[in-house]
Amino acid sequence: MLPTTISGNETPNDRRGRSMLDEVALIHRVAGKDGAAFEILYRSYYPRLWRFLERVTRRPQIVEEILNDTMMVVWRKASSYNLHSQVSTWIFGIAFRRALKALKRLDDPVDSEPDDRPDGAAGPEGLVAKQETRAVVARALRTLSPDHRAVIELTYFEGYSCAEIAEIMRCPVSTVKTRMFHARRRLRVLLPDCKGEGE
């Protein structure tokens, strides 16, 4: 049976393609200084960028500022978006560079736990176990460099490919793979009970 684009039967690839086209249209509207389009883009990226920046910087007190700086660049430079990458790759690249710039201005990291809001579906034992696991993983991730944390975040939480991450981080794909190798190796040492992919 062929995939169809009728709303009830569309495939995930159909939805992703439509979403990408919608984002390109939004960026073109933002380039024309359409405030409503910018607000839609801002609201749709805010949660993802917040999570990404919080994990990369480990400094919750500067996340809002970096996020707003990122979106200000998007507003000012929307006309420079050239369709060579996805809109999300372009925006995350800006966010990553803004985060690195902010980190250079600061001293030592402030430890913070990721958002651990309970999902309510687990019983008390499951909830405690889940929170403990999150805390252990968060501590392990904090030991990684910002570049290594960014590779992990972009791969496992945002679903980007190595090629897309290379574009975001402005480095060769081989560098992304090397950073992933070192990050995974470090996490395997710190999280021996977690099963990962082979090296």
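Since every read-out is calculated from the coordinates, none of them should be taken as a lab result. In this text the structure is predicted, and so the values were computed from the model without any measurement. Because the Cβ atoms are built from the backbone with ideal geometry, glycine has one as well, and the counts that use them run over all protein chains shown.
Structure above, values below:
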{"read-out": "Label-point gap, in nm, between LEU190 and LEU21 - each point 7 angstrom along Cα→Cβ", "value": "4.3 nm"}
{"read-out": "Across LYS77/LYS104; LYS104/LYS177; LYS101/LYS130, pairs whose alpha-carbon gap is larger than 31 Å", "value": "LYS101/LYS130"}
{"read-out": "Per-peptide average of other Cβ atoms within 10 Å, ordering 161-169, 37-45, 184-192, 90-98 highest first", "value": "90-98, 161-169, 37-45, 184-192"}
